[in-house]
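Undergrad: To start, I am sharing the structure in question, which I have written as structure tokens.
The values are calculated or read from the model by the stated rules, or taken from the named source; none is laboratory data. The structure presented is a predicted model; accordingly, all values stated were derived computationally and were not measured. Positions of Cβ are backbone-derived with ideal geometry, glycine not excepted, and every protein chain shown enters the neighbour counts.
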Amino acid sequence: MSSSDPKTENLDSQSRINEAPPSEELGDSSTVWKDPVESGSPNEESDPPKGGGDAEEEEEEGECGFCLFMKGGGCKESFTAWEVCVEEAEKNKEDIVTKCMEITSTLKKCMDAHSDYYQPILAAEKAAEQQVRKELEADKEKVEEISEEELAARKQAQG
């Protein structure tokens with residue numbers, strides 16, 4: 001058979017017409033997740049550039065994903081204040097927990113108030129707390145077992 005058969009050519013060209021062009025097969029770019037900081041989302045506060053601006057832009061570009069996420073929600077101010085507190089405590093070799101307790105509490109309350117946005121962080125924090133509780137309980141049980149064994153050994157040694 002020859003490849004110039006009109007029936008097969010027609011079917012072949014129709015199947016190509018029904019196929020999506022390669023660029024469309026990859027997905028619509030409007031469905032791609034965009035960074036709220038870079039996309040200028042309504043949650044992002046717009047601050048006018050300060051001073052040189054370039055150094056600040058470079059600093060923000062180098063920020064971790066967690067920091068960008070935290071600043072992308074409704075708790076940007078609280079998170080920034082917490083960051084400053086932690087940096088000061090580290091610089092002055094102070095205890096971060098003691099120094100930043102009030103600011104951390106404010107940030108946590110803000111995140112709870114904006115739980116729709118911060119849910120992934122709140123869920124991870126809750127899971128970590130539960131894990132720590134389990135580990136503390138396991139450690140406490142081990143200490144109690146050792147104490148009981150130690151007590152039994154002392155009693156046996158005495159008599």
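Undergrad: Could you tell me which residue of the stretch 87-105 is farthest from Ala123 (Cα to Cα), considering only residues that are surrounded by 16 or more Cβ atoms within 10 Å (Cβ to Cβ) and under 21 Å from the mean Cα position of the chain (by Cα)?
TA: Let us first name the residues in the stretch 87-105 that are surrounded by 16 or more Cβ atoms within 10 Å (Cβ to Cβ), namely 89, 99-100, 103-104.
Next, only the ones that are under 21 Å from the mean Cα position of the chain (by Cα) stay: 100, 103-104.
Numbers: Cys100: 22, Ile103: 20, Thr104: 17 Å.
Per the criteria, the residue is Cys100.
Undergrad: So Gln156 fits all but one of (1) farther than 27 Å from Lys71 by Cβ; (2) touching a Phe, Trp or Tyr at 6+ places or on another chain (Cβ under 6 Å); (3) of a type outside the set (Phe, Trp, Tyr); what number is the exception?
TA: Only one criterion in (1) farther than 27 Å from Lys71 by Cβ; (2) touching a Phe, Trp or Tyr at 6+ places or on another chain (Cβ under 6 Å); (3) of a type outside the set (Phe, Trp, Tyr) is unmet by Gln156, namely (2).
Undergrad: Sticking with this one: Among the residues of the stretch 37-49, are any in contact with a Leu (Cβ under 8 Å, 6 or more places away or on another chain) and at pLDDT below 50?
TA: Initially, the stretch 37-49 is screened for residues in contact with a Leu (Cβ under 8 Å, 6 or more places away or on another chain), giving 37.
Going one step further and asking which of them are at pLDDT below 50, we end up with 37.
Yes - at least one qualifying residue is present in the stretch 37-49.
Undergrad: Only one of Ala81, Ala113 is farther than 16 Å from Phe66 by Cα, of a type in the set (A, V, I, L, M, F, W, C) and modelled with pLDDT of 95 or more. Can you tell me which? Outline the logic, then answer.
TA: Numbers: Ala81 fails: farther than 16 Å from Phe66 by Cα.
Result: Ala113 is the single residue among Ala81, Ala113 that is farther than 16 Å from Phe66 by Cα, of a type in the set (A, V, I, L, M, F, W, C) and modelled with pLDDT of 95 or more.
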